[in-house]
Amino acid sequence: MGKTETRLEPMRLLVADDEPRILDLFTEILAPADDILSGLDGLGPASPVADQVFELTLCRQGEEAVEAFRAAAREARPYAVAFIDVRMPPGRGGLFAAEEIRAIDPGVQIVVVTAFTDVDPLTIARRVPPIDKLLYIQKPFHPQEILQFATSLCAKWRAERDFKALKSRLETLVYERTAALASANRKLTREMEERERVTHLIESAKREWEGTFDSVQD
């Protein structure tokens, strides 16, 4: 019998850049298809890269990227990673988009991409915290860098999501067990109080019985 291949779930990625050739390059790297331009108006084609499949959303402006994240939040279909160019004229730029996106989805992994050396990574880190969900890369980049970033960050995002879900399940289980234990303790307390009441009644009846018979002459 042959081995059954298990493919990882598709991961949603967003790329925001005002240069069409950069969007084409991301598509070629992460979602290659016969028609590489088919994804420029929205979702790009999903194709396997190694064991991972990526679904690309391609945007030319920061505002467009922010709206894509708003839609993802409404649909409960979050993005794992966002690659965002710093300067996307004539819009407000990538840092604005990154700040808005972080507010919409605190869990997304953000990669800030720029061709300019005057962009201060510390400024980016201050504007788009937390630092553990933020990376910085300069153009020109190597295709393998993008592939490695996407694969590794998706794995990190998936692990954090699964851990959060497991933590939530465990907290629910602990709450249910604690509630059940508290209910059992209350029941036991009531039984002990009832037993004590019955014992008191028996002792009172016994004293009354003994007093009655002690007062009776032979």
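Out of 131, 110, report the one residue that is without any contact (Cβ under 8 Å) to a residue 60 or more places away in the chain, open to solvent by 50 Å² or more (accessible area, probe 1.4 Å) and in contact with a helix residue (DSSP H, G or I) (Cβ under 7 Å, 6 or more places away or on another chain). Spell out the reasoning first.
Details: 110 fails: open to solvent by 50 Å² or more (accessible area, probe 1.4 Å).
On inspection, the qualifying residue turns out to be 131.
Check region 152-161 and report whether any residue there is open to solvent by 100 Å² or more (accessible area, probe 1.4 Å) and either modelled with pLDDT of 85 or more or under 24 Å from residue 54 (Cβ atoms) (or both).
No - not one qualifying residue is present in region 152-161.
Against the conditions (1) modelled with pLDDT of 90 or more; (2) out of contact with any Lys or Arg (no Cβ under 9 Å at 6 or more places or on another chain); (3) assigned to a loop (DSSP other than H, G, I, E, B), where does residue 106 fall short? Just the number, please.
(2)
With the condition kept exactly as written, say whether any residue in region 138-147 is open to solvent by 70 Å² or more (accessible area, probe 1.4 Å), in a strand (DSSP E or B) and without any contact (Cβ under 8 Å) to a residue 60 or more places away in the chain. Step through it out loud before you land on a result.
Kept after step one, since they are open to solvent by 70 Å² or more (accessible area, probe 1.4 Å), are these residues of region 138-147: 138, 140, 142, 144-145.
Imposing the further condition that a residue be in a strand (DSSP E or B) reduces the set to 138.
Subset that is without any contact (Cβ under 8 Å) to a residue 60 or more places away in the chain: 138.
The answer is yes, given that some residue of region 138-147 is open to solvent by 70 Å² or more (accessible area, probe 1.4 Å), in a strand (DSSP E or B) and without any contact (Cβ under 8 Å) to a residue 60 or more places away in the chain.
May I ask you to list the residues in region 22-40 that are modelled with pLDDT of 90 or more, open to solvent by less than 10 Å² (accessible area, probe 1.4 Å) and not aliphatic (A, V, I, L, M)?
26, 27
I'd like the residue in region 73-90 that is free of Cβ contacts under 8 Å to residues at least 40 places away in the same chain and closer than 17 Å to residue 57 by Cβ and, out of all such residues, is surrounded by the fewest Cβ atoms within 10 Å (Cβ to Cβ). If you could, list the steps in order and put the result at the bottom.
Start the filter on region 73-90 by keeping residues that are free of Cβ contacts under 8 Å to residues at least 40 places away in the same chain, which leaves 73-76, 86, 90.
Subset that is closer than 17 Å to residue 57 by Cβ: 73-76.
Details: 73: 13, 74: 8, 75: 8, 76: 6.
Selected residue: 76.
The values are calculated or read from the model by the stated rules, or taken from the named source; none is laboratory data. Just so you know, these numbers come straight off a predicted model, no measurement behind them. In this analysis, Cβ positions are derived from the backbone assuming ideal geometry, glycine residues included, and neighbour counts consider all displayed protein chains. The area values use the complete protein model at the heavy-atom level, side chains included, leaving out ligands, DNA and RNA. Shrake-Rupley method; radii C 1.70, N 1.55, O 1.52, S 1.80 Å.
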